Every structure is written in structure tokens, then in C-alpha cells.
Amino acid sequence: MKALILAGGFGTRLRPISCTRPKSLFPIINKPLLQWTFERLAKSNISEAILAVNYQTEAAIKQHRIPKYGIHTEYSRDPLGKPLGTAGPIKKAEKHIGRKDCFLALNGDIFADVDYAEILKLHEQKKATATIALHRVEDPSRYGVAELGENNRIIRFVEKPPRESAPSKLINAGAYVLSPQIFDYIPKGRAVSIEREIFPRLAEEKKLFGCIFEGLWIDIGKPQDYLQINKILLDTMGTQPKRKFGINARIKTPVALDKGVKIGKGSVVGPYVVLGRRVTLGRNVHIQDSVILPDVTISDSCLITGAVIGEGTTIGEGAKIKKGCMLGDYVTVGDNVTLAEGVSVCPAKQVFQSVLTPETIC
């Protein structure tokens, strides 16, 4: 079975980090999300993947040279400057997928422990046109919601309903098995929403089924969700450093420290901290609940809590970066600058004065 990975989204809610990388390349415990996806596909004996991308995403993925675990990959590109929605890329990839067998389709911004074989088995038993992995959440209003009837048939599918009128708490988990007949439902050459146009129609025709799974699932589409998946995996993996750092430096597990990390005297790292490759911390730095991407330099006496710091950023002495801050790549923060909760700084910007209200610095 082939897998189609829908990786062409722009990640607007994850700006400014997503200004310079697609969501599929966001590091989770220092490993790009796409690498986690390839690893899971390989464990399910899927040997071929098609990546539905835009040109910028394709270039970024090729540049990163992600391990593919033996999976052969091809690219299906959206037309330049013409996004195709969530179903259009499936139609566009028809020439790569073919009409011989059913195939797996995955949203590229989802981290989930889905049993693909289980969905495939149900799909074949029901002779479905589409079978969706469903996951139960408390607030379904951000997602597509399914009303599940007898024999796993989806009676109704509603995209992002108000919480009080949602037909259930079972949401589209971003993984589907699709039969070749799906291509007949998707118009060619325009943006098409699979959630708003295709799934409701299939439900009416009694050709849409659902497969509930209880494992780990998270959509990294918001900053707090991105931090949360790193935190969950740190807890799961019990990650702790294998070597000692500077004199009197304290590591409060769980943490994940990549190669080349340097930690100065008296610094405290953790709990729930991910440091990317070649991150350098000065003396008396305190970091917790944060993800720091590669090649970041954090000077003496800084305090960072609940933040995401982009690649190549430099933070001056005594700076305070508070909860919910998102700093893009190659940002410079001056000495003794305080960034209040929820401040975002666009890539390559320089900030030499404190920002005491939530805002975006462009």
C-alpha cells in the first residue's frame, strides 16, 4: 500500500517559526515530524510514500535530508501560487498513486500512534470508499467531527461545528484509507476541501466509515500543542543526558539534549526542555518548559520559560523570555530585555528594548 503525505500547509498559526520551515519539519525531541512519520510508515511495512507539497516545502525537505527508513519517496507539487485545499492534492497525486489499490492518506502536521493495518482491515471489510481514523477529544470544535452509527458507518460528518452542536466528540484524526474511487469525487484543477465537500457526500451515500483509536494523538498546529507533544514524549521516553556538563550545572529531567550542546557553570536546564544541536548556554541560565532549536546562543543569567526559540537566535545577558513567546530564526535579543507572555518576534529581527505586552515584532 502506498502512503500520501499531505505536507503543503503553510502553518500560519505557528508563525514566526513556520516562516522559515514547513510544519512537517518542526523538530519534535530534535527529530523532524516528517522523520517520525517515515519511521511509523516503515514499521507498518509501507515502502512507498508520495509527498503532496508546494515548491518551497519540497526544497526544504530535500535540503534537510531526512532519514527515510528505506521508504521510496516521490513528490506531487501544487501548482505554483495555487493552493489546492485538502482534497485537491489527492487528485493531483492520482498519477503517482494509480487506480489499482487503496492507499493511505496522512495529514503532515499530525503526530499520532495510529495502527494503519487496523484501518486498512476495516476499510476492506466494509468495502468503503473512505475510512477515517477517529479520535475522541473534549473539545471537537477545532476539527472535523463524525457521528458514528452501526457497523462503524459514519452517518454524518461536520467540519468545525460549534462545541454545543457537535454531533459527537469523535474527530478526524488526519489519517484515512481511500479507495481509488475517491478520485471520481474530487474536481480537477481547483481547491477542494475533503472535510467540507467530499466526506459529507460520502456519508450521505453510506460509503464513509470510521475506525476509533485510543493512542497518542496531537495536532501541532498551535504553539501550545507543539510544546505539549514535546512534553508528552519527554515523559514517555524518560530522556536524560548521557554526559556531564559545566561545573554546578543542573539538569532536571526529563530533557533532550542534542549533539554539541554546551551548558555553562551554574545553569539549570529542565524540566521539559529540548535543546537542539550546538546550542550554547552561558552561566546561570535557567530554562524550563521550552524548545530551543539548533545553533542558538543564550548568554549569562537568562531566564526562559515556556518558549520556542528559533534556529540561530542570539539572546543577550540577563534577558527574560516568558511563557508563550515564539522567536523566529536568527533573532537577536539584547542584554536585559524582557519579552512578556505571548510576544512573537519575526525572523532576523533585532530587539533591544523590552516588550511588556503581547504583540508581534516584525
Given 20 °C, 1.002 mPa s and a Kirkwood radius over Cα pairs, the Stokes-Einstein diffusion coefficient of the range 53-112 in µm²/s is 162 µm²/s
Rg over Rh [alpha-carbon atoms, Kirkwood Rh] for the chain:
1.01
Please get the size of the charge dipole for the range 236-361, origin at its Cα centre, with Cβ charges of +1 on Lys and Arg and -1 on Asp and Glu, quoted in debye to the nearest 20.
660 debye
Output ordering of 65-72, 52-59 (per-residue mean of other Cβ within 10 Å, highest first) is 52-59, 65-72
Taking springs between alpha-carbon atoms closer than 10 angstrom, which of G149, G266, G342 fluctuates most in the Gaussian network model of the chain?
G149
Please report the antiparallel percentage of the DSSP beta bridges confined to the chain, to the nearest 5.
30 percent
Scalar couplings 3J(HN,Hα) for the range 302-309 by Karplus 6.51 cos²θ - 1.76 cosθ + 1.60 (θ = phi - 60°), nearest whole Hz, x for Gly and Pro, are 8, 10, 10, 9, x, 10, 10, 10
Expected-Rg normalisation [2.2 N^0.38 Å, Cα atoms] applied to the range 1-136:
1.03
From the phi angles alone, apply the Karplus equation (6.51, -1.76, 1.60; θ = phi - 60°) to the range 345-362 and give each ³J(HN,Hα) in whole Hz, x where the residue is Gly or Pro.
10, 5, x, 6, 7, 10, 10, 10, 10, 5, 10, 9, 10, x, 6, 10, 9, 10
Value at 222 nm in deg cm²/dmol, rounded to 500, when DSSP H runs of n ≥ 4 in the chain each add -39,500 (n - 2.57)
-5000 deg cm²/dmol
Only four residue types carry charge here, +1 at the Cβ of Lys and Arg and -1 at the Cβ of Asp and Glu. Report the dipole size of the chain about the Cα centre in Debye, rounded to the nearest 20.
680 debye
The base-10 log of I(q)/I(0) that the Debye equation returns for the range 104-164 at q = 0.15, 0.24, 0.27, 0.30 Å⁻¹, one scatterer per C-alpha, is -0.53, -1.23, -1.35, -1.39
Neighbour counts of other C-beta atoms within 10 Å: give me T360, T332, T37 arranged from fewest to most.
T360, T332, T37
Counting other Cβ atoms within 10 Å, which GluC sites (Glu not before Pro) in the range 80-169 have at most 14 and lie in a DSSP loop?
E138
For Q56 and Q350 in one chain, what is 0.36 nm times their gap in residues minus the Cα-Cα distance, to one decimal in nm?
103.3 nm
What ranking of F213, F38, F157 emerges when the number of other C-beta atoms within 10 Å of each C-beta is taken as an exposure proxy, fewest first?
F213, F38, F157
Efficiency by 1/(1 + (r/R0)^6): what FRET value for K206 and R65, r their Cβ-Cβ distance, R0 = 35 Å, to the nearest 0.05?
0.20
Would you please give the residues with an amide H less than 5 Å from that of K160, counting only those at least 5 places away or on a separate chain, with H modeled from the backbone geometry?
Y143, G144, V145
Under 5 Å, built H, 5+ apart or other chain: amide partners of I263:
G246, L281
Projecting each Cα onto the charge dipole of the chain (Lys/Arg +1, Asp/Glu -1 at the beta carbon, about the Cα centre), which of V343, P187, P271 comes out farthest on the positive side?
P271
Where the centroid of each part is defined by its Cα atoms, how far is the range 326-362 from the range 169-183 in Å?
40 Å
How do K320, K262 rank when sorted from fewest to most other Cβ atoms within 10 Å of their own Cβ?
K262, K320
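All of the numbers you see were taken from the coordinates with simple rules; none came from a lab. All of these numbers come straight from a predicted model, not from anything done at the bench. Heads up, the Cβs are rebuilt from the backbone with ideal geometry, glycines too, and the neighbour counts pull from every protein chain shown.
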